[in-house]
């Protein structure tokens with residue numbers, strides 16, 4: 001039933017987050033939220049959708065939790081029963097503490113990712129297992145271990161305050177970023193979830209510039225999802241993509257977000273770079289000097305090989321292939337571990353007019369790449385140079 | 001919540017020499033706050049004796065039971081509200097800068 005599916009999307013996180021605060025029991029919280037939704041699936045088609053679906057689900061889930069606690073005679077049962085029966089109806093929003101607890105740095109990164117998908121996003125364990133190419137029992141064990149560590153080591157259920165918030169937020173954003181990239185590389189479910197989670201985080205922390213920027217970055221990258229691959233599944237380079245196939249409402253939304261968000265960190269810089277590409281009507285309309293400037297800043301705060309490489313590409317387009325090759329010289333030491341460096345050198349060399357050398361470089365890059373669409377694209381470039 | 005804090009050396013050469021805290025200050029502060037319930041420096045692992053009972057017989061081995069390069073050089077018992085507080089206390093210990101610290105919660109069975 002559609003209303004139940006919508007209720008799952010809208011209310012799952014709040015249901016689970018509140019039940020965890022009241023009972024301290026993660027598995028009980030998930031089970032009761034699941035039960036409440038199952039009950040809705042049974043009742044709503046017959047009795048009609050209640051006026052306040054979220055409130056209805058919360059009541060059913062709380063009663064279910066009470067039932068379970070009354071039957072299990074645990075020591076702190078009375079305490080938890082009391083919390084469940086006396087919590088004021090206008091409870092605070094617990095969703096942010098749920099997110100911060102799932103992303104606690106004392107948990108392994110793979111556990112943080114799995115827990116965020118299961119508990120915050122409400123994805124079935126089987127789907128998460130499939131997305132990460134492990135069996136369902138393996139994923140179940142991973143989730144169980146993570147929940148046990150939260151309980152045993154007493155990882156607090158709260159949003160960090162003051163300096164601690166600034167220290168912990170990048171870790172939360174890194175989990176979403178990993179999810180999105182995993183989705184971008186071929187598991188669309190994860191990209192959609194990452195965007196949904198970024199939207200939720202942006203609603204809960206509307207004044208944090210890096211949170212808003214991360215959402216904008218996701219929207220911009222995701223806007224190319226229907227144009228990134230050709231019918232063979234091969235990657236289509238940005239300058240050859242059908243720009244009409246880009247998701248323009250998503251691009252507009254991202255641009256609006258960036259317009260009102262100050263640039264304070266790496267996600268804002270990446271989002272501005274993505275926006276320069278996304279707002280160019282044709283490849284030749286791309287504002288490369290702006291992109292080169294954003295990359296200069298990004299390379300200052302995150303001097304990674306990949307960023308230096310992209311910076312060289314941007315300088316190549318902004319100020320000519322020789323300027324690009326000069327920048328590329330700073331990445332010499334990584335030439336052997338990143339075939340992309342050779343590919344970029346090949347592209348820049350081709351544009352200087354040295355076709356012979358460019359051709360040899362494209363072949364060298366192809367030989368260093370793994371067999372697949374990337375290698376095919378490099379060989380195709382070599383063939384074009386005659 | 002009680003945590004056992006194992007204070008260990010580290011085989012990795014990298015250390016953090018910036019603003020290394022003073023151990024006397026660390027002990028005094030955490031004792032005063034009631035967070036540090038006990039703790040001490042341990043004698044070298046060469047003074048360790050490993051004890052096992054097998055087949056009714058007491059078997060002794062000279063030395064620690066694991067031959068690792070990292071050595072437990074001390075311990076502290078912490079009483080903290082939660083893991084975040086314990087992490088803050090551990091990160092303020094000089095050996096977090098020179099070595100490594102393992103926080104183990106009491107299982108409280």
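For residue B:46, are the conditions met, namely being more than 14 Å from every other protein chain (Cβ to nearest Cβ), in a helix (DSSP H, G or I) and more than 29 Å from residue A:155 (Cβ to Cβ)? Please lay out each step first, then the result.
Numbers: more than 14 Å from every other protein chain (Cβ to nearest Cβ): yes; in a helix (DSSP H, G or I): yes; more than 29 Å from residue A:155 (Cβ to Cβ): yes.
When the stated conditions are applied, residue B:46 passes them.
Being modelled with pLDDT under 90 and either assigned to a helix (DSSP H, G or I) or surrounded by 17 or more Cβ atoms within 10 Å (Cβ to Cβ) (or both) is the filter; apply it to segment A:302-326 and report the residue that is nearest to the chain's Cα centre (by Cα).
This residue is A:306.
Which residues, taken from segment B:23-43, are surrounded by 10 or more Cβ atoms within 10 Å (Cβ to Cβ), under 17 Å from the mean Cα position of the chain (by Cα) and in a loop (DSSP other than H, G, I, E, B)?
B:35, B:42
Can you tell me how many residues in segment A:167-191 are within 14 Å of another protein chain (Cβ to nearest Cβ) and touching a residue at least 60 places away in the same chain (Cβ under 8 Å)?
First, the residues of segment A:167-191 that are within 14 Å of another protein chain (Cβ to nearest Cβ): A:167-168, A:171.
Those still in the list that are touching a residue at least 60 places away in the same chain (Cβ under 8 Å) too: A:168, A:171.
Residues flagged as within 14 Å of another protein chain (Cβ to nearest Cβ) and touching a residue at least 60 places away in the same chain (Cβ under 8 Å) within segment A:167-191 amount to 2.
Scan segment B:60-79 and give yes if some residue there is within 14 Å of chain A (Cβ to nearest Cβ) and either more than 28 Å from residue A:152 (Cβ to Cβ) or more than 12 Å from the chain's Cα centre (by Cα) (or both), otherwise no. Step through it out loud before you land on a result.
First pass over segment B:60-79, keeping only residues within 14 Å of chain A (Cβ to nearest Cβ): B:78-79.
Now narrow it down to the ones that are either more than 28 Å from residue A:152 (Cβ to Cβ) or more than 12 Å from the chain's Cα centre (by Cα) (or both): B:79.
Yes, segment B:60-79 contains at least one residue that is within 14 Å of chain A (Cβ to nearest Cβ) and either more than 28 Å from residue A:152 (Cβ to Cβ) or more than 12 Å from the chain's Cα centre (by Cα) (or both).
Does segment B:6-13 include one or more residues that are touching a residue at least 60 places away in the same chain (Cβ under 8 Å) and not in a strand (DSSP E or B)?
Keep residues of segment B:6-13 that are touching a residue at least 60 places away in the same chain (Cβ under 8 Å), which gives B:6-10.
Checking the rest, the ones that are also not in a strand (DSSP E or B) come to B:9-10.
Checking segment B:6-13: at least one residue is touching a residue at least 60 places away in the same chain (Cβ under 8 Å) and not in a strand (DSSP E or B).
In segment B:54-102, what count of residues is obtained for those that are part of a strand (DSSP E or B) and under 21 Å from residue B:28 (Cβ atoms)? Spell out the reasoning first.
Quick first cut of segment B:54-102, residues part of a strand (DSSP E or B) only: B:54, B:57-62, B:72-79, B:100-102.
Retained after the next criterion (residues that are under 21 Å from residue B:28 (Cβ atoms)): B:73-79, B:101.
Within segment B:54-102, residues that are part of a strand (DSSP E or B) and under 21 Å from residue B:28 (Cβ atoms) number 8.
Taking the condition of being more than 14 Å from every other protein chain (Cβ to nearest Cβ), out of contact with any helix residue (DSSP H, G or I) (no Cβ under 9 Å at 6 or more places or on another chain) and within 29 Å of residue B:104 (Cα to Cα), how many residues in segment A:113-166 meet it?
Total satisfying the criteria: 2.
The values are calculated or read from the model by the stated rules, or taken from the named source; none is laboratory data. Small disclaimer: the values here were computed from a predicted structure and weren't measured. Neighbour counts are summed over all protein chains in view; Cβ atoms, including those assigned to glycine, are modelled from backbone coordinates with ideal geometry.
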